[in-house]
1. Output the Kirkwood hydrodynamic radius of the chain, Cα pairs only, in Å rounded to one decimal.
2. At 1.4 Å probe size, with the rest of the protein present, what percent of the exposed accessible area of the chain is carbon and sulfur atoms?
3. Mind giving me the nanometre distance, one decimal, between the label points for TYR12 and PHE44, set 7 Å out from Cα along Cα→Cβ?
4. Give me the number: length gained by fully extending LYS2 to CYS25, i.e. 0.36 nm times residue separation minus the C-alpha to C-alpha distance, one decimal in nm.
5. Residue by residue through segment 30-41, what is 3J(HN,Hα) from phi via Karplus (6.51 cos²θ - 1.76 cosθ + 1.60, θ = phi - 60°)? Round to whole Hz and write x for glycine and proline.
6. Along the charge dipole of segment 18-60, pointing to its positive end and built from +1/-1 on Cβ of Lys, Arg, Asp and Glu, which listed residue (LEU28, GLY43, VAL53) has its Cα farthest out?
7. Return the sequence-ordered ³J(HN,Hα) values of segment 50-58 in whole Hz as given by the Karplus equation 6.51 cos²θ - 1.76 cosθ + 1.60 applied to θ = phi - 60°, using x for Gly and Pro.
8. Solvent-accessible area per residue for the chain at a 1.4 Å probe radius, Å²?
Amino acid sequence: MKQYVYTVVKEYPDGKRGKRERKICRYLNTLKVNRVYTHLGKGFPGMYRVLSVEEEECPD
């Protein structure tokens with residue numbers, strides 16, 4: 001089974017970006033790079049921009 005590790009950064013309504021990048025893991029490749037998403041889950045309130053995605057194999 002594969003998992004997708006997204007690198008995201010906080011984005012504010014005035015267009016500014018946060019300085020700290022964070023990682024979020026998903027089992028489905030549903031997020032697109034360079035798009036802004038809201039409500040990504042617990043611990044990710046507000047708007048986040050997806051900077052990159054990496055595909056990894058899950059250990060069994």
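1. 12.0 Å
2. Numbers: 2350 of 4630 Å².
Heavy-atom surface of the chain belonging to carbon and sulfur, 1.4 Å probe: 51 percent.
3. Reported label-point gap for TYR12 and PHE44 is 2.1 nm.
4. Working: separation 23, 0.36 × 23 = 8.28 nm, distance 1.05 nm.
Taking 0.36 nm per residue and subtracting the Cα distance, the gain is 7.2 nm.
5. Values, residue by residue: 9, 9, 10, 5, 6, 9, 9, 10, 10, 6, 6, x Hz.
6. GLY43
7. Using θ = phi - 60°, the values come out as 7, 8, 7, 9, 10, 9, 10, 7, 7 Hz.
8. Result: 77 Å² of accessible area for each residue.
The values are calculated or read from the model by the stated rules, or taken from the named source; none is laboratory data. Quantities reported herein were computed from a predicted structural model and do not represent experimental measurements. Ideal geometry is used to build each Cβ from the backbone, glycine not excepted, and the neighbour counts take in all protein chains shown. Accessible surface is based on the protein model in full, side chains and every heavy atom, while ligands, DNA and RNA are left aside. Shrake-Rupley method; radii C 1.70, N 1.55, O 1.52, S 1.80 Å.
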